[in-house]
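Working notes, structure below.
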Amino acid sequence: VKIVPAESAIVFDTDVLEWIRGASPALDAPMTAVTMLATHAAIWLVLAFAMTCSVRTRKMGMAVIVSVLVAYIVTDLILKPIVDRPRPFEVLDLQLIVDTPSTSSFPSGHTASSFAAAAAVVYYNRRWGIPALLFASAVGISRIYLGVHWPTDVLAGAAVGVVAAFVSNGSWTG
């Protein structure tokens, strides 16, 4: 089953994608670095495992791990195969500066795992949560900038991540 977005969503996605990609070639390296840090949720899992080493932050670390796992299951194992949306570089004439992803576009897994981790951090520590949310936002923007996701993929990924953290935190509260 292939889900086709409405015409207005296609116009929105294309306009926003072209605007973000047109920002500046000077952003190529930082955007690539942000994406690489979030690949396979690496930065989030490293930080989460470090958090589990301290009694004070152990619950937060576990919440991040569970939230990221739930986000992965929902995005990569459930939604991507069902929606099977082509990526921007498959539809538009875009030059990629990162490796070609092998999965479908919707929703953004990088963004989902980043927002899942950031929302879990916010739940336990708002002061740490602000930079976590800013980094998660940078991950989403980087995915659009690099031409591997549509803006609506990133918005959906952010929503999946926040919901994953909300659902997961019930296991680690109290």
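The values are calculated or read from the model by the stated rules, or taken from the named source; none is laboratory data. No experiment lies behind these values; they were computed from the predicted model shown. Here the Cβ positions follow ideal geometry from the backbone for every residue, glycine too, while neighbour counts run over all protein chains shown. Remember, those area values only see protein heavy atoms, side chains included, never the ligands or the DNA or RNA. Shrake-Rupley method; radii C 1.70, N 1.55, O 1.52, S 1.80 Å.
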Quiz item: In region 6-58, what residues are touching a Gly at 6+ places or on another chain (Cβ under 9 Å) and basic (Lys, Arg)?
Solution: Arg21
Quiz item: Is region 46-55 home to any residue that is assigned to a helix (DSSP H, G or I), modelled with pLDDT of 90 or more, open to solvent by 70 Å² or more (accessible area, probe 1.4 Å) and of a type in the set (Phe, Trp, Tyr)?
Solution: yes
Quiz item: Considering region 132-174 alone, what residues qualify as being at positive phi and open to solvent by 60 Å² or more (accessible area, probe 1.4 Å)?
Solution: Gly174
Quiz prompt | Residue check, Lys59 part of a helix (DSSP H, G or I), of a type in the set (D, E, K, R) and open to solvent by 40 Å² or more (accessible area, probe 1.4 Å) | solution = yes
Quiz item: Any idea how many residues of region 76-131 are in a helix (DSSP H, G or I), aliphatic (A, V, I, L, M) and either surrounded by fewer than 23 Cβ atoms within 10 Å (Cβ to Cβ) or at positive phi (or both)?
Solution: 8
